[in-house]
1. Filter the GluC sites (Glu not before Pro) in region 153-219 down to the DSSP loop ones having no more than 16 other Cβ atoms within 10 Å, then list what survives.
2. Bin by bin, in steps of 10 Å, what percent of the Cα pairs in region 138-295 do you find, going until the bin that has the longest distance?
3. Mind listing the phi-derived Karplus ³J(HN,Hα) values for region 184-193, rounded to whole Hz, using 6.51, -1.76 and 1.60 with θ = phi - 60°, and x for any glycine or proline?
4. Given a cut-off of 27 Å, name the pairs among K129/K251; K53/K85; K149/K216; K117/K180 whose C-alpha atoms lie farther apart than that in the structure shown.
5. In region 147-208, how does Rg compare with the Kirkwood Rh, expressed as the Rg/Rh ratio over alpha carbon atoms?
6. Hey, what did region 169-311 get for relative contact order, percent, Cα under 8 Å, at least 6 apart?
7. For the chain, what does -39500 (n - 2.57) per DSSP helix run (n ≥ 4), summed and divided by total residues, give at 222 nm, in deg cm²/dmol to the nearest 500?
8. If you count, for each residue, the other Cβ atoms within 10 Å and average over each peptide, how do 234-241, 204-211 line up from highest to lowest?
Amino acid sequence: MLEERKRAVETPGTVNSINGKAVLITGASGFIGSHLSRRLLSLGAEVHILLKKNSPEFRIKDILDDLTVWYGDITDYKSVLSCIKNSKPRIIFHLAAFTNVTRDLSLAESMIEVNTKGTINLVRGILEKRIELDSFINTGSSEEYGNSKAPFREEQREVPVSPYSASKVAATYFCQMVNKTAGVPIATLRPFLTYGPFQSTDMFIPSLITHCLDGKDFSMTEGDQTREFNYVDDVVDAYVLASCHPEVAGKIINIGNGIEYRVRDVAEKIVKLMGDPIRLLVNVLPKRRGEAEHFFCNNERARRLLGWNPKVNLDEGLGKTIQFYRDYPPKF
């Protein structure tokens, strides 16, 4: 049974195409979803979220009173249908997912249930309730490219290397099929490695930052692999822009700055920015089996179709992120 908490309070908007519209976010209590929720409130949207009972709310605790919360589960079609019926969204941002990039095949069933069938449930609900959508932004994953050759382009063949990436490829293809056959205005964004405030501390950048704050040496791989690092505000910009461009329906769009950094160099930069409080224990940990040596995107499509340009450089983004974890001691 879904429960409504409180209807969103409209605030003066700055983007005419979003101001006053009902939007539905799945995965709003997650890292990117929580930042997107704040941004949409600031733009004057009427923000509804589908929230699983007992899921952690710490990232959105301060804005809950401004959201309309519908309790349900993306894997439960009845609760998804009830949420859609009551929220009547014009725009949907689908970020709910079960994320685990390990190669453990025992995760396959759960991945398909949440990431693939959950997406199907959302689309079925829209079609059953005959909701007239302006935009449906599905969240894919850079992991869909697997260990293929970088820089990754949207038109290249996906090479899933885990149950997670396989489930995401399936969801992406389903969304493209529904766009072509039923005209649902779905676009899929593939965010590349993202960091910033409120990211879980089991991820690389916040893990290293908290090790520095705690004065504990940090174990890592040899760190010669390269990655790109995107500040969360830039990624949220892309979500908002995508929802305002109906012509992107049916397309897949990489969201990433495309700037390649060696992981060890980024680790050394973080430690230096924090005053060299710890040692990096390099080459202590093994790399993941099948881990890509180079992992970054070509973002020409995002720049051309969305007019998107990342604004926050690495030094600025790391500085903001470090300050957040200095000011916000709880671990999550």
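Read the figures in this text as sums done on the coordinates, not as results from a lab. All figures in this text were calculated on a predicted structure; none of them were measured in a lab. Note: ideal-geometry Cβ built from the backbone for every residue, glycine included; neighbour counts use all protein chains shown.
1. Answer in residue order: E155.
2. It works out to 10, 33, 33, 17, 6, 1, in whole percents.
3. 5, x, 9, 10, 10, 9, 10, x, 8, 3
4. Correct reply: K149/K216.
5. That ratio equals 1.06.
6. So the answer I get is 34 percent.
7. Helices in the chain give a 222 nm mean residue ellipticity of -10500 deg cm²/dmol.
8. Per-residue Cβ counts within 10 Å, averaged per peptide and sorted highest first, yield 234-241, 204-211.
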